[in-house]
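These notes concern the structure reproduced below.
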Amino acid sequence: MKKANHTDVAIIGGGIMGSAIAYYASKSGLDCMLIEKNDIASGTSSRCDGNVTIVDKDPGFDSQMSLASQELTIELNKDLELPFEYRELGSILVCDNDAEMEAAEDWVKIQKDAGLKFNVLDREDIRQESPFFADDIPGGLECETDSLINPYLFCYSLVERARKYGLKLKTHAEVTNITKKKDFIIDTTAGKVTAKKVVNAAGIWAPFIGEMLGINIPIVPRKGHIIVGSRSEPVMMRNVMEFGYLMNKFERERIADPLTQKHGVALVLEPTESQNFLLGSSREFVGYDGSININVVKAIAKRGLRFFPKMDDFNIIRSYTGMRPWTEDHLPIVSEVEDVPGFYIAAGHEGDGISLATITGKLIEELILEKETTIPVEPLRYDRFKKVPTA
Ligand SMILES: Cc1cc2nc3c(=O)[nH]c(=O)nc-3n(C[C@H](O)[C@H](O)[C@H](O)COP(=O)(O)OP(=O)(O)OC[C@H]3O[C@@H](n4cnc5c(N)ncnc54)[C@H](O)[C@@H]3O)c2cc1C
């Protein structure tokens, strides 16, 4: 009989990573427990957008990892019982000026050469997308395979299915300490748990879990604001971002007004299934302070009107913030930690965690079971951050 306070695999964090890992690991027959300090999806995974995109990924490994995740998400849409508002409509990036348009054309060529379904959109294509767009938008690009989900529902749907595969769920249990003897001994505010293996899927809090075992995890919160708008008439059917979003995300040079630059604002407009829309977003390093800054909200609204001037009489319902788990090379850590065998990290997905959750869950399951991995995991290793000693 399985013991209630022992598990083969303890997964810490019930966000989208922990939920996806719980699903794939339980499905493959592993004895798993998901430990969450609050409720499922109470961290960043319920304070974000729901884009499962390649359009905003760097060409190369980043894009290929997203493609693998998109393919798994299509399968999950068939396997999971609770619907999670999956919509496969593609997504678009719009350009602010001719210089961005030139860069967008190059971007499409690189992504197409890599076998991805990208197309250049001209001024007329943009008009066809939405009558709300500003007349002076020179064009943009689209990625045909991008999709949208409701991340909050997705977490619950994964956990619900995982429970049917035998997952033990322990919510309102904050992990306060971990020691390693033969097994890991995990202290939580709801009792002790022992585990043969531990997966740290605690998002921006992953460094605190690492500290418990003397491991330095270089993940930093990168705050984002979102405005929830009420849609009086449909603006767009699919997700739209501006090309400058890429410049912000990858910290590259960009032409924009000082306020937009200061708060790292770039347009993202996501139509939700409930007929509202999410307007974002910003990128700032301000520690763990999740409070709303009205100046950022104003900057986002102003940027939205640059691209959708006819939305100036639309109503706003509320705004919220979330914290992206940022790493300096813009790739997550999906890896076992060599110095602490049996301890895995699945965190640091910055603004891509919704897009990359399914492949992350699958990879952790494969690493634990020492299977061949779906994609190469070398670029995701934890030890890439170990400092090279200077001569
Ligand atoms: C504004 C914004 C927009 C975004 N839009 C997108 C998008 O469109 N597409 C995309 O791909 N990504 C997007 N992202 C990024 C995405 O939301 C994150 O990468 C993702 O949610 C991270 O998931 P996670 O499971 O790693 O972390 P979280 O969801 O934060 O989960 C970590 C969990 O660990 C728990 N935890 C922490 N410490 C402990 C402890 N000691 N004991 C037990 N449990 C603990 C927390 O309570 C939390 O539930 C966006 C992010 C933001 C902020």
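Here, each number is a calculation from the coordinates, and none is a lab measurement. Since the model is a prediction, treat every value here as computed from it, not as a measurement. So basically every Cβ, Gly included, is an ideal-geometry build from the backbone, and we count neighbours across all protein chains shown.
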Give me the residue from the stretch 256-274 that is touching a residue at least 40 places away in the same chain (Cβ under 8 Å) and surrounded by fewer than 17 Cβ atoms within 10 Å (Cβ to Cβ) and, out of that set, farthest from ARG87 (Cα to Cα).
LEU259
Pairs under 7 Å by beta carbon, first residue on the phi > 0 side of the Ramachandran plot in the stretch 284-311, partner buried (at least 16 other Cβ atoms within 10 Å of the Cβ), six or more apart or different chains?
GLY287/PRO221
Scanning the stretch 189-206 for residues that are of a type in the set (Gly, Ala, Ser) and within 11 Å of the ligand (Cβ to nearest atom), which turns out farthest from the chain's Cα centre (by Cα)?
ALA190
If you go through the stretch 354-366 one residue at a time, do you hit one that is touching a residue at least 12 places away in the same chain (Cβ under 8 Å) and under 29 Å from PHE132 (Cβ atoms)?
yes
Restricting to the stretch 305-358, and then to whatever is within 18 Å of TYR152 (Cα to Cα) and of a type in the set (Val, Ile, Thr), can you tell me which residue is surrounded by the fewest Cβ atoms within 10 Å (Cβ to Cβ)?
THR321
In the stretch 38-73, which residue that is more than 11 Å from the ligand (Cβ to nearest atom) and among the acidic types (Asp, Glu) is nearest to GLY140 (Cα to Cα)?
ASP58
Identify, from the list ILE215, ILE178, ILE186, the residue that is surrounded by 17 or more Cβ atoms within 10 Å (Cβ to Cβ), without any contact (Cβ under 8 Å) to a residue 60 or more places away in the chain and either assigned to a strand (DSSP E or B) or more than 10 Å from the ligand (Cβ to nearest atom) (or both).
ILE178
Please specify each residue of the stretch 23-80 satisfying the condition of being acidic (Asp, Glu) and more than 29 Å from LYS196 (Cα to Cα).
ASP49, ASP56, ASP58, ASP62, GLU71, GLU75
For the stretch 153-173, which residues satisfy the criterion of being closer than 19 Å to LEU30 by Cβ, part of a loop (DSSP other than H, G, I, E, B) and among the aliphatic types (A, V, I, L, M)?
LEU167
For the stretch 8-29, indicate whether the set of residues that are on the phi < 0 side of the Ramachandran plot, in a loop (DSSP other than H, G, I, E, B) and among the aliphatic types (A, V, I, L, M) is non-empty.
no
Please find, among LEU30, LEU82, the residue that is touching a residue at least 40 places away in the same chain (Cβ under 8 Å), under 22 Å from the mean Cα position of the chain (by Cα) and over 30 Å from LEU141 (Cβ atoms).
LEU82
Condition met for ILE54 (surrounded by fewer than 23 Cβ atoms within 10 Å (Cβ to Cβ) and either among the hydrophobic types (A, V, I, L, M, F, W, C) or not in a helix (DSSP H, G or I) (or both))
no
Would you confirm whether any residue within the stretch 1-11 is over 20 Å from THR373 (Cα atoms) and surrounded by 24 or more Cβ atoms within 10 Å (Cβ to Cβ)?
yes
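Okay, residues lined up against (1) within 30 Å of ILE345 (Cα to Cα); (2) surrounded by 15 or more Cβ atoms within 10 Å (Cβ to Cβ); (3) within 16 Å of the ligand (Cβ to nearest atom); (4) of a type in the set (Ser, Thr, Tyr):
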{"position": "PHE208", "(1), (2), (3), (4)": "yes, no, yes, no"}
{"position": "VAL220", "(1), (2), (3), (4)": "yes, yes, yes, no"}
{"position": "GLY229", "(1), (2), (3), (4)": "no, yes, yes, no"}
{"position": "GLU242", "(1), (2), (3), (4)": "no, yes, yes, no"}
{"position": "PHE250", "(1), (2), (3), (4)": "yes, no, yes, no"}
